[in-house]
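Report on one structure; see the data block that follows.
The values are calculated or read from the model by the stated rules, or taken from the named source; none is laboratory data. These numbers come from a predicted model, not from an experiment. FYI the Cβ positions are ideal-geometry reconstructions off the backbone, even for glycines, and counts take in every protein chain you see.
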């Protein structure tokens, strides 16, 4: 590859550059794996990973999650563009790879320093020809300017995914619906903090949005294969591009509920609920988080007490999105008073309630009271997230998912839904990024500064290239995760959620910045994208919890399993040192 | 230093670590200077810097500005803590230095790669003992955790600045006023988009806020020395901590207007206006930006046409903050119809108008019309920024700053005010950071997760340490800039504005994240800090313009001047290559 480079001239993207990039990413992954194994060894106790040692290594664990996510996104993108080295997406994959490796190297160096690993291979990689060549090709001023220019003149989709004709059709339908029906209402819903109106919900019901994860046998359109996930991701992205709050997040709740019902519901429950959910009648919400227990599911306290023929609920939930409009809430409740059972004492109860657009409600039923209050938020408006309080609220036995045999299994029934929810949240982040990127592309073409359109300046071009690269690679990974989710893509779903959500914060920040003062005006949609994006790293697995408790833990456990006895021996050696 | 390190144990901060850090920063600065000289040479034309070549190198120029800002903040902080190596601030200075060098090295590597400079010294620095030692001392997990713990238990001010007793007293007075009077009103002003009420303005008038930059001889409290700037920065930070929009930004406008009057006003104008401005009667606003000309002052088009005894204004302004409440606007207008004069055709006109709290106004006076409309914004509320339209608005000759001799000099009269405004904006950013940091410190102590206060976790400690480090170093540099502003600190004022504003975005983002869902709720002050902080990188010199047109250009010009003939010779060699 080296010979092809004349002076500082950027190389044209070529199969060669992609191979070089792949090799570099692979080297980073190998070095990272070495770090993971070393950290796993350092955290090993006779009974697996030591919680105490993990707690001491939170920063390395956190960084490890980010490194894994970035390298996975880069390697996935490079693999997908390998066949089309001349495409814009190939350029974007290389641009992202440069960004990713630039971010990853200092983290790897710190990891190696902390764990006293031999840093020479890292220094070698950093000082080597391949890395210099790749940066010239896809990280230099000239290269980024060229990619930015190409982005601005090309009439092609960024982060292009090969989809079957039928899925592509669904995608286009929802993109059109998003732009023509949702987008014109999105500003008012956001700025006046309205509830999503029936004028939006009714056509979405008719388009089958709520039945995407419901199997055909139960009145939905799900076929149970990877296509279900691809469609869900495509539709979620398309709707989120128009509005995260007013449309893009509608599918998350039915998906979680359906997956729980499919995992644990009785046949009668599936027959009763799934067709209704598929039709969006009733709409549904998930009540899991509690005021004092955000991410700590095992400590949830909302009590369901046994009474004749059912249960009485007492306690509080918070951040229950769409709880007002919803006609049914899936409540994660403690059906066993023994709190030492942790997550094994939890069950899923379906609570029926009247639907309301009010920001505050109070319902009484059979000597029980349910009150709700919408929490005002910076963005992500339209569905509203509610504080809920249950006082002696009655739930019949028939409304416990799985009935008697579902008791204590709530956590497990909920798990597949959460994994799907993360992938969907990555798709939501992609939609917001896409909207922000397109807005920035348009604005910089229209806006003149110092006598020229903003887009003519090389800094603008570089910024747009990097934004597009990040969006494209997050998008490619989101769809790839959808393809592979059912074959154990749980870790990938967490990795892409982590990366896409933070990326959306950054892309919307840059898009706003490119708008200058206008970006800060609430009259400009990009200001909404910015505040909407900020919720993404908080909900559906806050980034710290996801990074530490799901991703890093998963990687370290994998490493222990893989290295087996040898890691064990090293750990013992270290522990006695 | 090396000998003192046992395994991975973090060293205690010591004079040694500070010296090592200083040496590393200095090396980075020298290498950076080499890059600056090389870029200046590459951009040189026979008549100074070539605009065309500068445009090709916007990305390098942009990165160069950030590198300069970070290294300056690090070196300044290290110098200031050198005498107290055991202090928390010394730890924070080292933590920031690690962050800064980590960010700077990849940029330097790219700069060297692009300009074909010998990268060996960079690789050497990166792979060297000193850098590894410094990271162990102030960048390792254990070190960051320790600094975070110390921050949480220490009852000391972060970013402690030595101030004279009299200034300290002013600072404390305004900190107290901010917490006791401003903060309780801040939420309502933000969420209901109110105008700052007289219940806030009147005590601030009485406390002399509007007279800080007015010399004593004209009824203010200014003495003309560095103390004026120190007080202004201290007061601005203290008020911004309570609210950026409702208090922290009140001083910026009078300062800009006073500096313009002092630079160019006639004695009669100074006698008339300065005492009134000092008393905050009238309040004032600055009308510079136009809808089609954000940062491009030379292209401003609002016309002042000569008529008998004065001028008629026609045209539009935008983002005129506080224009409703203000009784006088300083309008940058084109008094010479010859547009080729650029900024030399501009003058400063004082427009008197009625004060109003309305979001929209229309005033008629002497056959002229002035209309205004508050632009709704994500944050920075309370003052409102207005679109203004002037139709045949009459301004008498007496209201042109400098009268006849001030014509065409508006740009120059305005310049010192802009420089002061940047320093003040850095202080505003510091106030917002301080508020966010303190909120995060409190919240993480109160909030329990997985059975422990959030603050007990090492990731929280590391995050808090980095946030505090960034705040402390921005603060130290802001005050240092205030001390040296009158001796040519113009570049420093731009550098600290650039860094502090972006830092405020990051610190408020992290503070919000540490609050989890609650941070996204509008009921929590940290959500306001986050949206308020977002304006900082946009106004008072958008970060791209500041980085490219002020900082990078300044650095490159300095380099050309310093290198003189030799750079010239190299440039010629390069141009013919």
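List of remarks:
- Cross-chain or 6+ apart pairs with Cβ under 7 Å, the range A:357-384 first and without any contact (Cβ under 8 Å) to a residue 12 or more places away in the chain, then assigned to a loop (DSSP other than H, G, I, E, B) and surrounded by 18 or more Cβ atoms within 10 Å (Cβ to Cβ): A:363/A:353
- Checking each residue in the range A:328-351 for being surrounded by fewer than 15 Cβ atoms within 10 Å (Cβ to Cβ) and part of a loop (DSSP other than H, G, I, E, B) picks out A:337, A:338.
- Only one of B:111, B:122, B:134, B:151 that is crowded, with 22+ Cβ neighbours inside 10 Å, away from chain A (no Cβ under 12 Å) and out of contact with any strand residue (DSSP E or B) (no Cβ under 8 Å at 6 or more places or on another chain): B:151
- The range A:363-406 - residue that is surrounded by 21 or more Cβ atoms within 10 Å (Cβ to Cβ) and farther than 19 Å from residue A:286 by Cβ and, of those, farthest from the other protein chains (Cβ to nearest Cβ): A:379
- Taking (1) in a loop (DSSP other than H, G, I, E, B); (2) within 14 Å of another protein chain (Cβ to nearest Cβ); (3) in contact with a strand residue (DSSP E or B) (Cβ under 7 Å, 6 or more places away or on another chain) in turn, residue A:354 satisfies each apart from (2).
- Filter result for residue A:335 (out of contact with any helix residue (DSSP H, G or I) (no Cβ under 6 Å at 6 or more places or on another chain) and within 14 Å of another protein chain (Cβ to nearest Cβ)): no
- Some residue of the range B:536-555 being at pLDDT 95 or above, in a helix (DSSP H, G or I), more than 14 Å from chain A (Cβ to nearest Cβ) and over 18 Å from residue B:252 (Cβ atoms): yes
- When residue B:102 is tested against (1) buried (at least 23 other Cβ atoms within 10 Å of the Cβ); (2) under 19 Å from residue B:140 (Cβ atoms); (3) within 12 Å of chain A (Cβ to nearest Cβ); (4) over 22 Å from the mean Cα position of the chain (by Cα), just one condition goes unmet, and that condition is (1).
- The one condition from (1) within 14 Å of chain B (Cβ to nearest Cβ); (2) within 19 Å of residue A:256 (Cβ to Cβ); (3) surrounded by fewer than 17 Cβ atoms within 10 Å (Cβ to Cβ); (4) at pLDDT 95 or above that residue A:359 does not meet is (2).
- Any hit, the range A:471-481, residues being without any contact (Cβ under 8 Å) to a residue 40 or more places away in the chain, within 13 Å of the chain's Cα centre (by Cα) and within 26 Å of residue A:249 (Cα to Cα): no
- Only one of B:426, B:465, B:436 that is assigned to a helix (DSSP H, G or I) and within 11 Å of another protein chain (Cβ to nearest Cβ): B:465
- Test for residue B:472: is it touching a helix residue (DSSP H, G or I) at 6+ places or on another chain (Cβ under 8 Å) and within 28 Å of residue B:191 (Cβ to Cβ): no
- Every residue from the range B:50-83 that is outside any helix (DSSP H, G or I) and either touching a helix residue (DSSP H, G or I) at 6+ places or on another chain (Cβ under 6 Å) or crowded, with 22+ Cβ neighbours inside 10 Å (or both): B:57, B:82
- Residues that are in a helix (DSSP H, G or I) and within 14 Å of chain A (Cβ to nearest Cβ) within the range B:268-300 comprise B:297, B:298, B:299, listed in sequence order.
- Scanning the range B:32-56 for residues that are within 14 Å of another protein chain (Cβ to nearest Cβ) and in contact (Cβ under 8 Å) with a residue 24 or more places away in the chain turns up B:35, B:38, B:39, B:42, B:43, B:54.
- Within the range B:301-327, the residues that satisfy the criterion of being in contact with a helix residue (DSSP H, G or I) (Cβ under 8 Å, 6 or more places away or on another chain), within 14 Å of chain A (Cβ to nearest Cβ) and buried (at least 19 other Cβ atoms within 10 Å of the Cβ) are B:318, B:319, B:321.
- Residue count, the range B:491-521 (criterion: within 9 Å of chain A (Cβ to nearest Cβ) and within 21 Å of residue B:159 (Cα to Cα)): 2
- Residue, farthest from residue B:463 (Cα to Cα), within the range B:127-140, restricted to residues that are under 31 Å from the mean Cα position of the chain (by Cα) and in a helix (DSSP H, G or I): B:131
- The residues listed here are B:271, B:241, B:279; of these, the one that is in contact with a helix residue (DSSP H, G or I) (Cβ under 9 Å, 6 or more places away or on another chain) and under 23 Å from residue B:534 (Cα atoms) is B:241.
- The single condition among (1) crowded, with 22+ Cβ neighbours inside 10 Å; (2) on the phi < 0 side of the Ramachandran plot; (3) touching a residue at least 40 places away in the same chain (Cβ under 8 Å) that residue A:271 does not meet is (1).
- Which numbered condition residue B:189 fails, given (1) under 15 Å from residue B:382 (Cα atoms); (2) modelled with pLDDT under 95: (2)
- Total residues in the range A:141-160 satisfying the condition of being touching a residue at least 12 places away in the same chain (Cβ under 8 Å) and outside any loop (DSSP other than H, G, I, E, B): the figure is 12.
- Unique residue being over 22 Å from residue A:155 (Cα atoms) and surrounded by fewer than 23 Cβ atoms within 10 Å (Cβ to Cβ) when the list is A:443, A:412: A:412
- Sole residue being away from chain A (no Cβ under 14 Å) and either surrounded by fewer than 20 Cβ atoms within 10 Å (Cβ to Cβ) or more than 30 Å from residue B:417 (Cβ to Cβ) (or both), chosen from B:455, B:484: B:484
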